Amino acid sequence: MWSPYEFATMIPPTSLGVLLCSLLLGWRILSPSRQERALAPLARPSSTLPVLGNTLDIMFKHRHDLHDWILRESRRVEGGPWAFTLLGRPPAVILTSVDSFEDVLRRQFDRFGKCSATLVGDVFGDGIFAADGVQWLHQRKTASHLFSLHMMRDAMEEVVREQAAALCATLATHCTTIEASDSLSSADHKGVPINLKYTMDWYATNVFTRIGFGVDLSSLPNQQHDAFFSAFTRLPMAIHRRAQQPAWLWKMKRALNMGYERQLRHDMKLVDSIIYQVISQSMASKEADTKNQQHLPDLISLFLAKQDAEYGGADASGGSGATPTRVDTTPKLIRDMAFNFTAAGRGTSSQSLQWFFVMMNRYPSVEQKIRDELLVNLPRLFQTNENGNAPPTMNEVQQLMYLEATIKESLRLNPVAPLIGRITMQDATLSDGTFIAAGTRVVIPTFAVARLQSIWGEDAAEFKPERWIDPETGKLRTVSPYQFIVFLAGPRACLGAKLAMLELKVALASVISKFHLRVTRDPSQIGYAASLSLPIKGDVFATAIDQFAVDNEMHLGWKCSCDWIRPLHFRREGGCVCTINQSYGVNKSLAVLQESDAARNFLDALVFAGEHLKPLWSGGVGHHAKFVPLVCPLMIKTNPLHSSKAAVTRAMNSLHRGAGSRFFYKFQDKKKWKWNSADDYVETHWDGISSSTCQYCELTKNAHQHREEYEMIRANCQKLYRPLKAAMEKELQYVRYIPKPRLPRTRRYGDYTTQFTGLQAPYRLAIQVHRVLAGPRACLGAKLVMLKLKVALASVISKFHLRVTRDPSQIGYAASLALSIKEPVYKKHPATRKRRSRYPKQPKKKCHKVSPPLEDPTVSQFCYVVELSTDAISGYLGPADVVNLLQACPVGFSQEFMNALVLQAIDQFAVDNEMHLGWECDCDWIRSPDFCRFSRSKCPKDQPFGVNKSLPLLQEPTAAHNILEALLFAQEHLKPLCSGSKRYNTDFILLVCPLVMTGTTPRHLNSKAAVTRAMNSLHPGAGSRFFYKFQSKKTKGNVALDNLRDHWEGMDSSTCEHCESTKKHARDPISRSAYVMVRAKCQKLYRPLKAAMEKELQYVRFVPKPRCQRKMRGYDFFNRFDGLVAGVAKGGVLCGLYMV
């Protein structure tokens, strides 16, 4: 036996050295570092792996939704800190409490520095984003002079307003409302969607280059602005990719110039070329301004003024007695400074504007509240003259409380920097007791923090601007900057926060007051892209639409039926249907809109009509009344009206001769009320109406005749006339009712004026009263007729859609004492017949045979008519209607007719559900019972949806009918479960397999043996496996497995034995929560599935997946397939679901 010494002496020295090095390397890799040991008490994601940690999650699984993953894990720990590790990087801790934010950003500021400069050094250089210590302090102190309140009032406000006006001009060129005076060159852009990203990037970047460097982007020699903005967007994405990978991996890609590193290098060249052009042009302009003694300070001049600045130890590190540090202003520092501040100024404003308009498309009611606030505080912005085109000033936007609250709410949910990273320079202990060792990364997830209930309450994930406004004072609430950390907090708080808010307020107030920006994509589906910032994923195109006219779907000033601007001749002009084929909007070429105050007064009138009077005319339909709107500006050139009747009369007479005189004329009520006449005229009510009573209605209460008519009249007065008069007298002056004028007899027929009864400024009324005779000769059977009509129509309409075969607008009446329909309605349109005869002939029979009459002549005649009009009714019968029709009349139709109708219904079913039935593709429900998914190819997207009518199954007498019934059963009972299963990480694949082959009928499948033989004939061993009694595998108590096989046998509609047994197995919180999910899935998914199938199907079984060969372990369907739940329908069709 060898001793250890003898054994060691026998090993060669080289082998012994290799062995020792391997052991040391393995110990170094596998043993936790000091930072990891310090974070051991903290929670970690459930997907954490040994050695790899969370590398696979961050690099692959959650590469594109990293912020959502952090949010889910933060909610799981309920506001506490948690840690994750990435291979080749120091461990990181995620903080999710306000106190810990304040510790990092203020209380222990010196202990936390910026992350590794190697990650961002080749992009940001020594700029303020990447610098630390004296370099950061020098740039911050120097740039702080630019963002003072004095500079904002003297220089920044003018630039922001100028660029906001340019932004509105750009949107106006894409506005969907075409003005009559537009030229062809400008009209070419009308209605063309505008790139929201490019437009907002241009606005934000140009504002900052003008303020920071005195340079306009449009004046640069290189006009590749689109490529410049795209490159600027891709740069933080590339850095984010670096942060998601081990350091050695992205450094190797950078050295080899491959992948995204190659694109990053190309983007840096393009961005640097533009930055250098800005710097050179700024320097040239300074020389010219110095000669002219006209120079405003900018960033370059401020940095040049502080050349060779020195900072002592107290400034640099907070200590005292240290040697002063000198900072030289080099050309590289000027470049890094210009790049960093341009990136900050562009990213904050541009992305905030983009997300703001996306949120307005998701919540249009919030946008309407902002517009209402603008209308109250800044009504001049809604004018179309020079005063209205001028953007608001700095003092004016301070009044817009709700706009600022909405901006902050949008920034809260969509922060510019979704992650704030720091590195621990010294050991630190947070206020909650968390110890963080030096070298540990610290992350503040602002995106996730905004959605945590522990910080923002139960409605944290909701878009709610009202959370920022104090309901008692109406002013903005003060929120801690460490809770709302969009602009950071503490010594590193954003210098340009006030400038960014000024940009956002001015731009949004200008745009929202003039346009509706509607994105072309579904706003709820717009998400973020993986980046250091939070850009919108993909391009966002929007259309600019005019406001009030679009909201109310009208063409203001176009003289059509939907126009509210009407002349004062007391009669309606224009057809009843709008004939203008263009988008809704206002005709801005109207002369009245060019006046100084006319546009504002006109808008006030429109808002009053929409707010107070539109609800009344919307409810007028139920009272046999119709309102036609009228809004007519009474301005004479530029002179405003006085308040006297004479001035109003002259103004109205100037618009239409005699209009003002008629408006104020005192008409006598010639239609006095009589006991034997129940007429409803507004003029009989008007003079005696108050807000609560009506003299005319009080008189009619004692009427002995026409009591029902008088009750309707009183209800009409109470619901319409009284609120109408009260609303108008409260807000308007000189409220009058004007009856219709007397017209010549030649114009009393077929004209709108025969129904027009009068004008109530500013609305007209058309009253229609329908009766069945009146007086002593009133119809005795009126109530019986109404009862029969109601019962018959309610019964028919609730069950059928009756569509006539002719054009309903061309159906007229025949000359008769009654009003009978001319010609039978089931005949073809007269234009399709070869000749016309005096008496209509019966339609000819179709080519197929008609079945003999039934014993019931009514049913026989019905089937006969249906077969004759197959082409006419087939388009109006859905698949369910066809099944009901054949069940109601099982022997009344010919076999040829039934087959054709069922095939068409199956084809319609496939089109409605977007599938290719019988084509053996992914979306096909007709599958083989081989207990595995089988598809020869992917779904052919270029082929129209439908059924493969060449299938042999569809040629059998009753097979098509049975398949249709099975498809309807699957759609009604099984498909809803498929839609709701995804939330439980489960997928169902529908199976419909006919078991009735040639020479077999459904009634032969009345036993298990018959079903077994039928399934075996389709696939060898399928029937035997379907009815085989499988033994359920017992799960261990400490493993929370979720398999339908464990639930199936002991499960009914209300209870499950397996779920009851799992309540005793939970021993720790993790398994307990897993069992809760298992029981919820069983209750919401498995039990309803079994109950629905056992109610409608026979031989309902659960069949587990077959044992596959070991060589098929790849990512295919066999590894995902869990089992089959199926049963046999009455028609001999196997219906069920594959579980995945």
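Readers should treat all values here as calculations from the given coordinates under stated rules, not as data from a laboratory. Not measured: the values here are computed from a predicted model. When we count neighbours, we look across all protein chains shown, and the Cβ atoms used for this are built from the backbone with ideal geometry, even at glycine.
Listing for the model above:
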{"read-out": "Neighbour-count order for 813, 363, 1086, 1138, fewest beta carbons within 10 angstrom listed first", "value": "813, 363, 1138, 1086"}
{"read-out": "Label-point separation in nm, residue 880 to residue 1055, each point 7 Å along Cα→Cβ", "value": "3.5 nm"}
{"read-out": "Using a Förster distance of 41 Å, the FRET efficiency for residue 646-residue 365 (Cβ separation, nearest 0.05)", "value": "0.40"}
{"read-out": "R0 of 30 Å, Cβ-Cβ distance residue 257-residue 332: FRET efficiency to nearest 0.05", "value": "0.85"}
{"read-out": "Where labels lie 7 Å past Cα in the beta-carbon direction, separation of residue 729 and residue 656 in nm", "value": "2.5 nm"}
{"read-out": "Residue order, fewest to most beta carbons within 10 Å, for 102, 472, 1060, 503", "value": "472, 1060, 102, 503"}
{"read-out": "Stretchable slack from residue 537 to residue 158, in nm (0.36 nm times residue separation minus alpha-carbon distance)", "value": "133.2 nm"}
{"read-out": "Contour excess over end-to-end distance, with Cα ends at residue 802 and residue 305 and 0.36 nm allotted per residue", "value": "170.3 nm"}
{"read-out": "Residue (of 499, 478, 509) at the positive-pole extreme of region 459-517, dipole from beta-carbon charges", "value": "499"}
{"read-out": "Neighbour-count ranking [beta-carbon atoms within 10 angstrom, fewest first] of 924, 103", "value": "924, 103"}
{"read-out": "Hypothetical label at residue 389: residues of region 134-167 whose amide nitrogen lies under 13 Å (7 Å Cα-Cβ projection)", "value": "165-167"}
{"read-out": "Radius 11 Å from Cβ of residue 948, net charge of other residues (Lys, Arg +1; Asp, Glu -1)", "value": "-2"}
{"read-out": "Total formal charge among the other residues, if their Cβ is under 13 angstrom from that of residue 236, Lys/Arg +1 and Asp/Glu -1", "value": "+3"}
{"read-out": "Virtual spin-label span in nm between residue 195 and residue 778, 7 Å along Cα→Cβ", "value": "7.3 nm"}
{"read-out": "Filter on 408/537; 799/1081; 1008/1063; 514/559; 114/253 - keep pairs with C-alpha separation over 27 Å", "value": "799/1081; 1008/1063"}
{"read-out": "Gain on full stretching of the segment that runs from residue 1007 to residue 21 - 0.36 nm per residue minus C-alpha separation", "value": "347.6 nm"}
{"read-out": "Neighbour net charge for residue 117 - beta-carbon separation under 13 angstrom, K R +1, D E -1", "value": "-2"}
